[in-house]
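Structure record follows, encoded as structure tokens.
What follows draws every value from the coordinates through simple rules; no lab data is involved. Keep in mind that this is a model prediction, so the values were computed, not measured. No Cβ is skipped: glycine too gets one built from the backbone with ideal geometry, and neighbour counts run over all protein chains shown.
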Amino acid sequence: MFDISWSELVIVGIVALIAIGPKELPGVLRSLGHWMGKVRRMASDFQDQFREAMREAEVADLKKQFDDAQAAASNVTSGFDNPLETARREMEKAVEDKPLTSPDAPAGAAADTNVHDFPVPETPASVIAEPQPDESGKPETVKRDGAA
């Protein structure tokens, strides 16, 4: 730090011993040690605060870069339509354009909410059958179109 060799420290110690005296030298060295400890703690605190300020500046810079990248990505994706939203809008438009009454219904007829675009086949009565109990009293399996 100050580039002081051991021989120079010995000379300073001898001068301090002569100037201060052997009786008071231990107290002076103790107080000098306390002051040196305080100076080192203050320097360490200053370094810690400086490092913390640098970390905060780096975090703020990274946050700014992230926000800029997110804004750029938002601008890029805003040009594209959401396919689900587009499909929903098209379905709503198709439902709005379609009449709710069938073309065969009279002019004053009520709207039919179950209008289908495809024909519904008639179900023959032979397919719909109630289960009949057999001799044991259990319902018989339903026969459909001649199959057992």
> Where the only charges are on Cβ atoms (+1 Lys, Arg; -1 Asp, Glu), what is the dipole of the range 6-77 about its Cα centre, to the nearest 20 debye?
Replying inline: 460 debye
>> Starting from 0.36 nm per residue, how many nanometres of slack lie between residue 43 and residue 55 once their C-alpha separation is accounted for?
In response: 2.5 nm
> Which of 25, 50, 11 sits closest to the plus end of the dipole of the range 6-77, meaning its Cα is farthest towards the positive end, when Lys and Arg get +1 and Asp and Glu get -1 on the C-beta?
Replying inline: 25
